[in-house]
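Undergrad: Below are the structure tokens for one structure; questions will follow.
The values are calculated or read from the model by the stated rules, or taken from the named source; none is laboratory data. From a predicted model like this one, the values you see are computed outputs, not experimental measurements. Cβ: placed from backbone, ideal geometry, glycine included. Neighbour counts: every protein chain shown.
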């Protein structure tokens, strides 16, 4: 039985699916205007972790993660790069798919693109207006937050408290400062679609409500994303979806809400706006994809990750030791085995740090259990990183290995260590066994 923390109830709960024969899970995906950084990857790897555990337990799981391919950031980036938004979105979607594969993330079962659902979004807005839950002004359509009694039920924000002592300039077209955009006008040189309210495009919050309902129906089991999406994104999703169905209960949309903590660089949230981002392919110059995956999973998903070189080096060391231990059992296929100790840890709110410790203990005791290894591989490995090398690269590595062997014979251990470091930067792992040096990528 899986126990999971529900951000809506603020408690760890037993996960009871709506339908045990088909579990449905939605998690917010990327806005494809740039490469994802390792902070973005934290949310995607948390969703991948949950998806893998669910698929290890239940006979059918549908995991949906959307692609936002129309957004102000995309429009700005397309102008900056001098290409159409279609080409820009396709370019960075392809990069995104490559990057997540490099750190062992399995693609979602369904990846809906926002621009494929514009017609449905327009119909959704028309109904909200008809219900008196939304209103149009100057080509903008806004959700009337006062129409949803439980607004802020996920984040815990109270509208009255937000207003108290606040001095903000409210857009003239808004009835209330908290009302949010469902549809906005586009300029003639911007992408848009014809609608009853003029040429324009949908609001970000609306996209997820429409796509999740169309692909999964509602209510579905789990809705996920990063902690930064609780407010306003997920609060707004809940408000408009429940209003659309004349409900005040967030669980009529999704039963469980799943959120991961931030990834911090020197105690500061990583973000493009702060200019402190670290991209995945930059990390892979010095670390394997599975090293990065283990580093991301070494902290419990609900806790912030203190990202650093030290953390990566520790993950690399742990991953290498475990991989060396199990490499002679390559016939064992990745599989979630619910009776294992590793699975027991994961079923307790996805406790990956405990699962890693269990595997380390097995390695230290040389206590080999096939099912534990299968479950470890299933969760902590899976990088698509290409480790094939050409003949010239192989010759360079073998030359360095011979030079290191010669240095060790001559007791020049400083030189031997420098060569080892150089090989490590080339993603080459070496082992000294019975006076011989073995190497691998």
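Undergrad: Exactly one condition in (1) in contact with a strand residue (DSSP E or B) (Cβ under 9 Å, 6 or more places away or on another chain); (2) over 30 Å from residue 379 (Cα atoms); (3) part of a helix (DSSP H, G or I) is not met by residue 135; state its number.
TA: In the conditions (1) in contact with a strand residue (DSSP E or B) (Cβ under 9 Å, 6 or more places away or on another chain); (2) over 30 Å from residue 379 (Cα atoms); (3) part of a helix (DSSP H, G or I), residue 135 misses (3) alone.
Undergrad: Within region 171-186, how many residues turn out to be at pLDDT 95 or above and in a loop (DSSP other than H, G, I, E, B)?
TA: Looking only at that region, the number is 2.
Undergrad: Filter region 331-363 for residues that are over 25 Å from the mean Cα position of the chain (by Cα) and either at pLDDT below 95 or loosely packed, with under 15 Cβ neighbours inside 10 Å (or both) and give the result.
TA: Passing the criteria: 331, 332, 339, 360, 361, 362, 363.
Undergrad: Which condition does residue 291 not pass, out of (1) touching a strand residue (DSSP E or B) at 6+ places or on another chain (Cβ under 6 Å); (2) surrounded by 23 or more Cβ atoms within 10 Å (Cβ to Cβ), if it passes all the others?
TA: Of (1) touching a strand residue (DSSP E or B) at 6+ places or on another chain (Cβ under 6 Å); (2) surrounded by 23 or more Cβ atoms within 10 Å (Cβ to Cβ), only one is false for residue 291: (1).
Undergrad: Only residues that are part of a strand (DSSP E or B) and touching a residue at least 60 places away in the same chain (Cβ under 8 Å): list them for region 54-68, please.
TA: Within region 54-68, 62, 64, 68 meet the criteria.
Matching residues to (1) outside the structural domain of residue 212 (by TED's automatic domain parsing); (2) more than 11 Å from the chain's Cα centre (by Cα); (3) part of a helix (DSSP H, G or I):
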{"site": "20", "(1), (2), (3)": "no, yes, no"}
{"site": "29", "(1), (2), (3)": "no, no, no"}
{"site": "35", "(1), (2), (3)": "no, yes, no"}
{"site": "39", "(1), (2), (3)": "no, no, yes"}
{"site": "43", "(1), (2), (3)": "no, no, yes"}
{"site": "52", "(1), (2), (3)": "no, yes, yes"}
{"site": "70", "(1), (2), (3)": "no, yes, no"}
{"site": "79", "(1), (2), (3)": "no, yes, yes"}
{"site": "99", "(1), (2), (3)": "no, yes, yes"}
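Undergrad: Could you tell me whether any residue of region 120-132 is assigned to a loop (DSSP other than H, G, I, E, B), farther than 26 Å from residue 195 by Cβ and either in contact (Cβ under 8 Å) with a residue 60 or more places away in the chain or assigned by TED's automatic domain parsing to the domain that holds residue 42 (or both)?
TA: No, region 120-132 contains no residue that is assigned to a loop (DSSP other than H, G, I, E, B), farther than 26 Å from residue 195 by Cβ and either in contact (Cβ under 8 Å) with a residue 60 or more places away in the chain or assigned by TED's automatic domain parsing to the domain that holds residue 42 (or both).
Undergrad: Continuing with the same structure: Testing residue 278 on (1) touching a residue at least 60 places away in the same chain (Cβ under 8 Å); (2) out of contact with any helix residue (DSSP H, G or I) (no Cβ under 8 Å at 6 or more places or on another chain), one condition comes back false. Which one is that?
TA: Here residue 278 clears every test but (2).
Per-residue answers, yes or no, for (1) in contact with a strand residue (DSSP E or B) (Cβ under 9 Å, 6 or more places away or on another chain); (2) at pLDDT below 95; (3) surrounded by 23 or more Cβ atoms within 10 Å (Cβ to Cβ):
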residue	(1), (2), (3)
48	yes, no, yes
62	yes, no, no
65	yes, no, yes
69	yes, no, yes
77	no, no, no
88	no, no, no
107	yes, no, no
113	yes, no, no
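Undergrad: Got at least one residue in region 260-268 being buried (at least 21 other Cβ atoms within 10 Å of the Cβ), more than 30 Å from residue 58 (Cβ to Cβ) and at pLDDT below 95?
TA: No, that holds for no residue.
Undergrad: Using the structure shown, decide if residue 408 is surrounded by 13 or more Cβ atoms within 10 Å (Cβ to Cβ), modelled with pLDDT of 85 or more and farther than 23 Å from residue 290 by Cβ.
TA: Against the criterion (surrounded by 13 or more Cβ atoms within 10 Å (Cβ to Cβ), modelled with pLDDT of 85 or more and farther than 23 Å from residue 290 by Cβ), residue 408 does not qualify.
Undergrad: With the requirement that a residue be touching a strand residue (DSSP E or B) at 6+ places or on another chain (Cβ under 8 Å) and crowded, with 18+ Cβ neighbours inside 10 Å, what does region 193-209 give you?
TA: 195, 197, 200, 201, 202, 203, 204, 205, 206, 207, 208
Undergrad: Restricted to region 371-397, and to residues that are in a helix (DSSP H, G or I) and more than 17 Å from residue 327 (Cα to Cα), which residue is modelled with the lowest pLDDT?
TA: For region 371-397, the residue satisfying everything is 391.
Undergrad: Have a look at 154, 102 and point out the one that is under 22 Å from residue 384 (Cβ atoms) and buried (at least 21 other Cβ atoms within 10 Å of the Cβ).
TA: Only one candidate passes the filter, namely 102.
Undergrad: Would you call residue 2 modelled with pLDDT of 95 or more and more than 25 Å from residue 210 (Cα to Cα)?
TA: Yes; evaluated as a whole, the condition is true for this residue.
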